Amino acid sequence: MLTKKPVLFLAFSVFFAASLHAANVSFLVAATEESPAGRLAAVLENSLMDAFFSEGHIVSSAPGIRLAGSGEKTGIPEEARAQYEEAKNAGMEYFLLAVIGTDGSTVYLRLFATQSGSMAGEKILTGTSWNTPGGLESLRQAAAEMAGFIR
């Protein structure tokens, strides 16, 4: 009877461990040349990393960059291509690009699967003052939704 308990424990452990998946996610916060990124970039990066980490994912981030244009264009901008390739070569499964739009009140969140290069999810946040409690909560909810694209 004593030998059955360790075998059962081992079987359940393997079953539950197989159902858990922690993805490797790299983040890049980019601001358009005209956007007043400032504090928003740091708050955005922290909100995203907290949400993904809370979901059990392994997270890292690249230094922020500036983009030409409005940030509305989907896909990986040329200015972010090097960070994307670095994340892919480092074994990251996902690359999340957060772009602060020209007006500073729009944020584009785009999650890419690095192996296929396809977009796994997108969320656009508009018209919010990010320095308010409601704005911060909107960022947290959006970050949690983006983490939900990884399953």
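The values are calculated or read from the model by the stated rules, or taken from the named source; none is laboratory data. Small disclaimer: the values here were computed from a predicted structure and weren't measured. Heads up, the Cβs are rebuilt from the backbone with ideal geometry, glycines too, and the neighbour counts pull from every protein chain shown.
Of the residues that make up the range 87-95, is at least one surrounded by fewer than 19 Cβ atoms within 10 Å (Cβ to Cβ) and either of a type in the set (Lys, Arg) or not in a loop (DSSP other than H, G, I, E, B) (or both)?
Looking through the range 87-95, at least one residue is surrounded by fewer than 19 Cβ atoms within 10 Å (Cβ to Cβ) and either of a type in the set (Lys, Arg) or not in a loop (DSSP other than H, G, I, E, B) (or both).
Does Ala80 satisfy being in contact (Cβ under 8 Å) with a residue 60 or more places away in the chain and either closer than 15 Å to Leu28 by Cα or in a helix (DSSP H, G or I) (or both)?
Values: in contact (Cβ under 8 Å) with a residue 60 or more places away in the chain: no; either closer than 15 Å to Leu28 by Cα or in a helix (DSSP H, G or I) (or both): yes.
Taking the combined requirement at face value, the residue does not satisfy it.
Looking at the range 38-49, can you tell me whether even one residue there is closer than 25 Å to Ala90 by Cβ, at pLDDT 85 or above, small (Gly, Ala, Ser) and crowded, with 16+ Cβ neighbours inside 10 Å?
No.
For the range 61-87, name all the residues that are more than 18 Å from Gly38 (Cα to Cα) and aliphatic (A, V, I, L, M).
Of everything in the range 61-87, those that are more than 18 Å from Gly38 (Cα to Cα) and aliphatic (A, V, I, L, M) turn out to be Ile76, Ala80, Ala82, Ala87.
Quick grid of which residues meet (1) within 21 Å of Ile124 (Cβ to Cβ); (2) over 16 Å from the mean Cα position of the chain (by Cα); (3) basic (Lys, Arg):
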position: Ser54; (1), (2), (3): no, no, no
position: Ser60; (1), (2), (3): no, no, no
position: Lys73; (1), (2), (3): yes, yes, yes
position: Lys88; (1), (2), (3): no, no, yes
position: Gly91; (1), (2), (3): no, no, no
position: Phe95; (1), (2), (3): yes, no, no
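Does Ala22 qualify as being modelled with pLDDT of 50 or more, touching a His at 6+ places or on another chain (Cβ under 7 Å) and closer than 30 Å to Ile76 by Cα?
For Ala22, the condition - modelled with pLDDT of 50 or more, touching a His at 6+ places or on another chain (Cβ under 7 Å) and closer than 30 Å to Ile76 by Cα - is met.
Which pairs have Cβ atoms under 6 Å, sit 6 or more apart or on different chains, and link a residue in the range 123-151 that is within 17 Å of Asp50 (Cα to Cα) and at pLDDT below 80 to one that is crowded, with 16+ Cβ neighbours inside 10 Å and among the β-branched types (Val, Ile, Thr)?
Gly135/Thr128
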